[in-house]
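Student: The structure that follows is given in the form of structure tokens.
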Amino acid sequence: MKENTSSGNGGIRSIERALSVLLCFDWQNQTLSTTEIAKKIGLAKSTTSRILSTLENEGFLFRDETTSLYQLGHQIYYLGMLAQKDFDIREVSYPIMKEIRDKTQETISLYLLKDYQRVCVAQVESERSIKQSSVIGEGLPIWLGASGKSILAFLDDQAWQQAAGEVQPLTPKTIVKESELFGELDTIRNRFYAVSEGERYDEVACVSAPIFGKNNEVIGSLSISSPYYRFPKDTRDFSELIIEGAKKISERMGYRWMAPRK
């Protein structure tokens, strides 16, 4: 009887299994044994060994003869470098930003972390006559507003301490007390988005989510901003859209996304 090689969902089982093996590796698991890989993908050790041998022969995996542990091979590095060639985050982000703009009818901004500031590098403006816009190339502190705090929340303790020492009360809603700032950053880190209302300008509100790069480090943020009077009291729809948008950009920049904690 001929073996059924289809996975039942339009895929080819052998290819799906090989890809599952490659996806076992991440920043926390850069080397793995045959037993560990078999357990992760849910296959018998003998079947897993055959897949590993094929991937090793083709250069997608490397096996250390001393430890018998596997790691990603030179072909993966080559393909990764090829994929990153001329890879501009603005080009990657634009269709995602436009889609969110069309759904919300508000301005969508892309910020990157640079020298402890958030710099606006791209924007898709609202088509409404009254709208919130940022200046492309403008740098602002990461302790200020949702766009900055969604970055700061995923930096280390030293960054938090530095931010606490630099906070300035720009409006009555600017959080300047260290314990309150740290509490807000903890909340942002747990739910993967930030909300600010009137922290920089009284009449502006924003919801923002972090963007991560291939080294699993935060590199920027994606934001929806609008005049305060038009900003929804229930930000659930906005937060879901911005998290999903930031997730797509992060994945295309090489990050393997983990779902927000409930």
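The values are calculated or read from the model by the stated rules, or taken from the named source; none is laboratory data. All values derive from a computational prediction rather than experimental measurement. Here the Cβ positions follow ideal geometry from the backbone for every residue, glycine too, while neighbour counts run over all protein chains shown.
Student: Would a scan of segment 183-195 turn up a residue that is of a type in the set (Phe, Trp, Tyr) and surrounded by fewer than 21 Cβ atoms within 10 Å (Cβ to Cβ)?
Tutor: No, the conditions are met nowhere in segment 183-195.
Student: Given the criteria touching a strand residue (DSSP E or B) at 6+ places or on another chain (Cβ under 8 Å) and free of Cβ contacts under 8 Å to residues at least 60 places away in the same chain, does VAL195 qualify?
Tutor: yes
Student: Still on this structure, I have one more. Being outside any loop (DSSP other than H, G, I, E, B), closer than 17 Å to ILE142 by Cβ and either acidic (Asp, Glu) or at pLDDT below 85 (or both) is the filter here; which residues of segment 156-205 pass it?
Tutor: Those that are outside any loop (DSSP other than H, G, I, E, B), closer than 17 Å to ILE142 by Cβ and either acidic (Asp, Glu) or at pLDDT below 85 (or both): ASP157, GLU166, GLU178, GLU180, GLU184, ASP186.
Student: Another question, then. Go through TYR78, TYR111 for me and flag whichever is part of a helix (DSSP H, G or I) and either aromatic (Phe, Trp, Tyr) or over 27 Å from ARG252 (Cβ atoms) (or both).
Tutor: Answer to the selection: TYR78.
Student: Scan segment 233-257 residue by residue and report those that are free of Cβ contacts under 8 Å to residues at least 60 places away in the same chain, under 20 Å from GLU203 (Cα atoms) and either among the hydroxyl-bearing types (Ser, Thr, Tyr) or in contact with a Ser or Thr (Cβ under 9 Å, 6 or more places away or on another chain) (or both).
Tutor: Answer for segment 233-257, where residues must be free of Cβ contacts under 8 Å to residues at least 60 places away in the same chain, under 20 Å from GLU203 (Cα atoms) and either among the hydroxyl-bearing types (Ser, Thr, Tyr) or in contact with a Ser or Thr (Cβ under 9 Å, 6 or more places away or on another chain) (or both): THR235, SER239.
Student: Now for a separate question. Could you tell me whether ARG90 is charged (D, E, K, R), assigned to a strand (DSSP E or B), touching a strand residue (DSSP E or B) at 6+ places or on another chain (Cβ under 6 Å) and at pLDDT below 95? Working first, answer last.
Tutor: Details: charged (D, E, K, R): yes; assigned to a strand (DSSP E or B): no; touching a strand residue (DSSP E or B) at 6+ places or on another chain (Cβ under 6 Å): yes; at pLDDT below 95: yes.
Considered against the rule, which asks whether it is charged (D, E, K, R), assigned to a strand (DSSP E or B), touching a strand residue (DSSP E or B) at 6+ places or on another chain (Cβ under 6 Å) and at pLDDT below 95, ARG90 comes out as no.
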